[in-house]
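Just below is one structure, and these are the notes that go with it.
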Amino acid sequence: MADPNAARAALAEQKRALAAALLAETPASDAPSGLNIARAAAAEQFAAAGAPVRRDEYWRFTDPARLTAPRPAASPGAVAGAAGNPFSDVDAATAVFVAGQFRPDLSDDLSVAGLEIATLGQGAPDWASSLIGALESRAQAPVERPLATLTAAAATDGVALRAVGKAAKPLHIQHLAASDGVAAFRAAVMIEEGAEATILESGPGGIRHLSLIEAQIAKGGALDHLRSQTAPNLKEAATHLFGAVADGGVLKSFTLSAANSAEQLFRNETVLWLDGDDVSAHVAGGVVGTGEATIDNTLFLTHRALRGESRQVFKTVLADEAKAVFQGKILVEQAAQKTDGYQISQGVILGERAAIMAKPELEIYADDVKCSHGSTTGALDESALFYLRSRGVPRQAAEAMLIEAFLEEAIEEISDPALQEAMRAEAVGLVAERLS
């Protein structure tokens, strides 16, 4: 019989070897700064913990091998394969990052009333130094999130955003690719008491895009986050949003993901702590997958105080041999009485070869709560399809109408009507393009 201790030791060594190879590809640090101190600490942690492998519990449905195969860092030179801007009709201040490096020549003026915006490559502001790495470290328990640590070790630039009032316009972070390779980006976000801000993200940072956002929302603050993950030249992505919300705070995040080839694998992780009383946290997403693409959304929301309200709403549409994963957990601690937690993952499969893996979880230690979760997967409603066909709508157009209506519940989680319309228009275009 095989020695289980020897097997565990061999697996740990394999993970550390993968980590060493990935760290060897990360850019060297420049002069010491708050960011580079955090990078060094993250590199040490990643080297010790090792890279993820398929045998890890939260990677059972998605093989991380593609994301852990070493790639050289992308060159931040000339822009290659620039993606379209889904927020072109939105009045926003755009900060452009090419291969993870800020490009002031391509960016807007970042002077926005209500916001203080700085780029981390020029040195982190004092307020950001204490935030950088804090939530990433907190997110490592009870489940390790090694690709977040890798991102923290690899990122040499990013954004520090501090909201001190109601922001006059959103900040749009546009990631553009420069060449084949890895681009890493991180952001430190502080929403002060009663302040409000919106962050938009679009485009690929590189052929492999690594992203980490750490967001601290103070009492009565509000953060809206929207991500468009639809660029056709994005092959691999590992994104992380870690947020902590104080009394009366609000955090909303929405991601629209689309992929259409076996070369595309996206993993989006969200970890939120509802630390204060009367907190609201909504995480939603729309997924459109074709070909042999893989799109994975993994979430962990912890209710820690009174009267917290959370929603997880994910809608997935797959065709061909595409695969989608939803892992969503709501943890309600004993002190979090009067919690209202809602979680739903619904999928539509067009054909017989696509697959959706769903793992909804509730872990509740309070006794006065209202929590629910659900997961359904099926084909398009044949009666609704027949109704539209009987009224002269061609089959392809009828299917598109039903898919767009199916995605609508997730899109409606977006607060701002203008941003809702931007995501709706992009979703309609994706359905017409990818499922025609």
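The values are calculated or read from the model by the stated rules, or taken from the named source; none is laboratory data. For clarity, every value in this text was computed on a predicted model and none was experimentally measured. Neighbour counts are summed over all protein chains in view; Cβ atoms, including those assigned to glycine, are modelled from backbone coordinates with ideal geometry.
Going by what's in this entry, would residue 99 be described as crowded, with 18+ Cβ neighbours inside 10 Å and on the phi > 0 side of the Ramachandran plot?
Details: crowded, with 18+ Cβ neighbours inside 10 Å: yes; on the phi > 0 side of the Ramachandran plot: yes.
It is true that residue 99 is crowded, with 18+ Cβ neighbours inside 10 Å and on the phi > 0 side of the Ramachandran plot.
Which ones in region 219-254 are β-branched (Val, Ile, Thr) and in a strand (DSSP E or B)?
Within region 219-254, 239, 245, 250 meet the criteria.
Do you know which residues across region 37-71 are of a type in the set (A, V, I, L, M, F, W, C) and crowded, with 21+ Cβ neighbours inside 10 Å?
Scanning region 37-71 gives 38, 42, 46, 51, 59, 67.
Go through (1) in a helix (DSSP H, G or I); (2) under 23 Å from the mean Cα position of the chain (by Cα); (3) at pLDDT 90 or above and name the single condition residue 35 misses.
Just one mismatch for residue 35, condition (3).
Hey, does region 201-215 have a residue that's within 21 Å of residue 124 (Cα to Cα), among the small types (Gly, Ala, Ser) and surrounded by fewer than 24 Cβ atoms within 10 Å (Cβ to Cβ)?
No; the residues of region 201-215 include none that is within 21 Å of residue 124 (Cα to Cα), among the small types (Gly, Ala, Ser) and surrounded by fewer than 24 Cβ atoms within 10 Å (Cβ to Cβ).
In region 141-162, what residues are more than 17 Å from residue 201 (Cβ to Cβ), touching a residue at least 60 places away in the same chain (Cβ under 8 Å) and surrounded by fewer than 23 Cβ atoms within 10 Å (Cβ to Cβ)?
Across region 141-162, the qualifying residues are 143, 144, 156.
Only residues that are over 18 Å from the mean Cα position of the chain (by Cα) and touching a residue at least 24 places away in the same chain (Cβ under 8 Å): list them for region 426-436, please.
428, 430, 431, 432, 434, 435, 436
Please enumerate the residues belonging to region 329-345 that are in a strand (DSSP E or B) and surrounded by 24 or more Cβ atoms within 10 Å (Cβ to Cβ).
330, 332, 341, 343, 345
Which residue, of 263, 292, 269, is in a loop (DSSP other than H, G, I, E, B) and either touching a residue at least 40 places away in the same chain (Cβ under 8 Å) or closer than 22 Å to residue 347 by Cβ (or both)?
Checking each option against the conditions leaves just 292.
Farther than 22 Å from residue 381 by Cα and either surrounded by fewer than 22 Cβ atoms within 10 Å (Cβ to Cβ) or in contact with a Leu (Cβ under 6 Å, 6 or more places away or on another chain) (or both): which single residue out of 362, 350 fits that description?
Working: 350 fails: farther than 22 Å from residue 381 by Cα.
Exactly one residue qualifies, and that residue is 362.
The conditions are (1) assigned to a loop (DSSP other than H, G, I, E, B); (2) more than 31 Å from the chain's Cα centre (by Cα); (3) surrounded by 14 or more Cβ atoms within 10 Å (Cβ to Cβ), and residue 392 fails exactly one of them. Which is it?
Exception for residue 392: condition (3).
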